[in-house]
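The values are calculated or read from the model by the stated rules, or taken from the named source; none is laboratory data. This one's a predicted model, so the numbers in the text were calculated from it and none came from an experiment. Quick reminder, even Gly has a Cβ in these numbers, built from the backbone with ideal geometry, and neighbours come from all protein chains shown.
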Amino acid sequence: MLSGRSVLLIVSGGIAAYKSLELIRRLRDRGVSVRCVLTKGGAQFVTPLSVAALSENKVYQDIFSLTDEAEMGHIRLSREADLVVVAPCTADLMARMAAGMADDLAATVLLATDKPVLIAPAMNSMMWTHPATQANLRTLEARGVRSVGPNSGDLACGEVGSGRMAEVPEIIAAVETFFATDLPLKGRRALVTSGPTHEPIDPVRFIANRSSGKQGHAVAAALAALGADVTLVSGPVTLTDPPGVRTVRVESARDMLNACRAALPVDIAVCAAAVADWRVEAAGQKIKKQVGGAPPVLTLAENPDILATLSAAGPQRPTLVVGFAAETESVIAHAQAKLARKGCDWICANDVSPATGTFGGDSNTLHIISASGVEDWPALSKTEAARRLAARIAEAFATAPQRTPAE
Ligand code: CTP
C-alpha cells in the first residue's frame with residue numbers, strides 16, 4: 001500500500017529523534033522514498049550521516065546553503081513528496097507552524113508546502129498540556145494537519161505523563177491510514193457524544209457525574225481511524241481532543257443537544273455521554289448561606305434525552321443510532337428496555353457498579369444489544385472496545401449499504 005509513495009520527513013530537536021531513524025528504516029522497508037530535513041535541534045540528537053545513510057538520500061539542513069538550494073530549492077522540496085511527516089515535532093516547531101513562521105528550513109518547507117502534513121508531537125508533559133501548545137494543536141488541526149500521539153508513560157526528562165512520541169508502528173499506521181483509499185467508513189459522517197454534562201445550580205456551582213469521557217473519546221478516534229468524518233460533542237473532561245476529529249466542547253445537556261443538532265445530518269450517531277437526566281432551575285446569582293436558615297431547595301427539571309431525540313429525528317435520523325447503557329444491576333434486562341424506550345438501533349450495555357471500576361477506569365465489558373439479540377464481549381481496554389465497536393459499525397454499513405444497517 002505504501003510502495004512507491006514519497007515522504008518528506010522533518011526531524012526536529014527532541015530525544016525521540018532516535019526513533020526517527022527506525023521510522024526511516026521501516027518506511028524504506030515498505031518501498032517509500034524518504035527525503036529528510038533535519039533542524040538544528042534535530043542534528044543535536046541524530047547525525048546527518050545516519051539520516052542520509054538510512055534514507056539513502058541527501059539530508060537538507062540549511063535554508064541558506066547554496067548547495068542545498070542549487071540541488072533542490074525549498075519550494076520544490078516542500079512539494080515533491082506525497083506527505084510531509086514531522087517526527088518528532090517539538091512544542092517549538094508546533095508553535096512556529098501555528099504562527100506561520102519561516103525562520104528555518106523546516107518551518108519554511110511547512111509554510112510553503114501544498115501537501116498534507118502529519119505531526120508526531122514529542123515533549124515534556126507540562127509543555128504538551130500547556131494551553132499554548134493545546135491551542136497550537138487546535139489551530140493546526142483546524143487547518144487540516146493530522147497528528148499521531150503523543151502517548152503517556154515515562155518521559156526522557158524523568159517525569160511521567162503525556163508527551164512521549166508515538167511509537168514507530170503507530171506512526172507507520174497513521175501514514176498507512178493516510179494513504180488508504182479503501183477505509184470502510186470513508187465518506188460516512190459520524191457524531192459521538194462523550195463525557196459528563198455539568199448542570200449549573202448557580203453561577204459557581206453545578207451538578208455533575210463521574211464520567212471521564214474515555215470511552216466516548218476512544219469511539220470517536222476509532223471511527224476516524226476507519227475513515228469516518230467525526231464530530232465529537234464532549235462535556236467537560238480532562239482528556240485532550242482526539243486527533244483527526246472535530247471536537248465541540250459543551251457544558252450542559254441542553255448545550256450538548258444543540259451541538260448534536262448542528263452536526264446533523266450524519267450516518268452514524270454514538271451516544272456515549274453520561275448526560276445528566278435533570279437540570280436545576282439555576283439561580284442567577286450565587287445562592288448565599290442563610291445563617292440558621294434552612295438549606296436551599298433545588299428544583300429539578302428533566303433534561304432533553306439526546307439519544308431519544310436523535311433516534312426520532314425523522315428525515316434527519318442517522319442511519320445507525322447507538323446508545324450506551326450504564327447499569328448497576330440487571331444489566332441486560334435494563335438495557336433491552338432502554339433500547340425499546342429510546343428507539344435506537346443498538347445499545348452497548350456496561351456494568352458501572354463501583355466494584356467494576358468502569359467509571360474513570362481504562363477497561364470495559366460490553367454487551368451489544370440489538371433487535372437480533374445480545375453479543376457479550378470480553379473485558380477489553382476502552383481503546384480496544386472502541387476499535388471493535390467501530391469495526392462492527394463498519395461491518396453493518398458494508399453488508400447493508402443501501403438500507404438501514406440496524407438489525
Ligand atoms: N442519554 C442521552 N440524553 C439523556 C440521557 C441519556 O443521550 N438526557 C443517552 C446516553 O448517552 C446513553 C443512553 O442515553 O447512550 C443511556 O444513558 P443512561 O444514563 O444509562 O440511561 P438513562 O436514560 O439516564 O436511564 P436511567 O438513568 O434510568 O438508567
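Brief remarks follow.
- Taking the range 207-263 as the range and being among the acidic types (Asp, Glu) and either touching a Pro at 6+ places or on another chain (Cβ under 9 Å) or outside the structural domain of Ala385 (by TED's automatic domain parsing) (or both) as the test, only Glu251 passes.
- Among the residues of the range 125-168, those identified as assigned to a helix (DSSP H, G or I), touching a residue at least 24 places away in the same chain (Cβ under 8 Å) and farther than 23 Å from Asp229 by Cα are Ser125, Met126, Met127, Trp128, Thr129, Ala132, Thr133, Val168.
- Only one entry in Ala308, Ala294, Ala283, Ala301 is touching a Lys or Arg at 6+ places or on another chain (Cβ under 7 Å) and surrounded by fewer than 17 Cβ atoms within 10 Å (Cβ to Cβ), namely Ala301.
- Residues that are at negative phi and within 16 Å of the ligand (Cβ to nearest atom), drawn from the range 165-199: Ala190, Leu191, Val192, Thr193, Ser194, Pro196, Thr197, His198, Glu199
- Residue in the range 59-74 that is assigned to a loop (DSSP other than H, G, I, E, B) and touching a Pro at 6+ places or on another chain (Cβ under 9 Å) present: yes
- Single residue of the range 324-335 satisfying the filter (assigned to a helix (DSSP H, G or I) and buried (at least 19 other Cβ atoms within 10 Å of the Cβ)) that is nearest to the ligand (Cβ to nearest atom): Ala335
- Subset of the range 231-249 (residues that are within 16 Å of the ligand (Cβ to nearest atom), touching a strand residue (DSSP E or B) at 6+ places or on another chain (Cβ under 6 Å) and of a type in the set (A, V, I, L, M, F, W, C)): Leu232, Val233, Val248
- Top-ranked residue in the range 373-403 [being in a helix (DSSP H, G or I) and acidic (Asp, Glu); ranked as modelled with the lowest pLDDT]: Glu384
- Residue, surrounded by the fewest Cβ atoms within 10 Å (Cβ to Cβ), within the range 261-277, restricted to residues that are outside any loop (DSSP other than H, G, I, E, B) and more than 9 Å from the ligand (Cβ to nearest atom): Ala262
- Pick from the range 115-155, criterion among the aliphatic types (A, V, I, L, M) and surrounded by fewer than 17 Cβ atoms within 10 Å (Cβ to Cβ), ranking: farthest from Ile171 (Cα to Cα): Ala132
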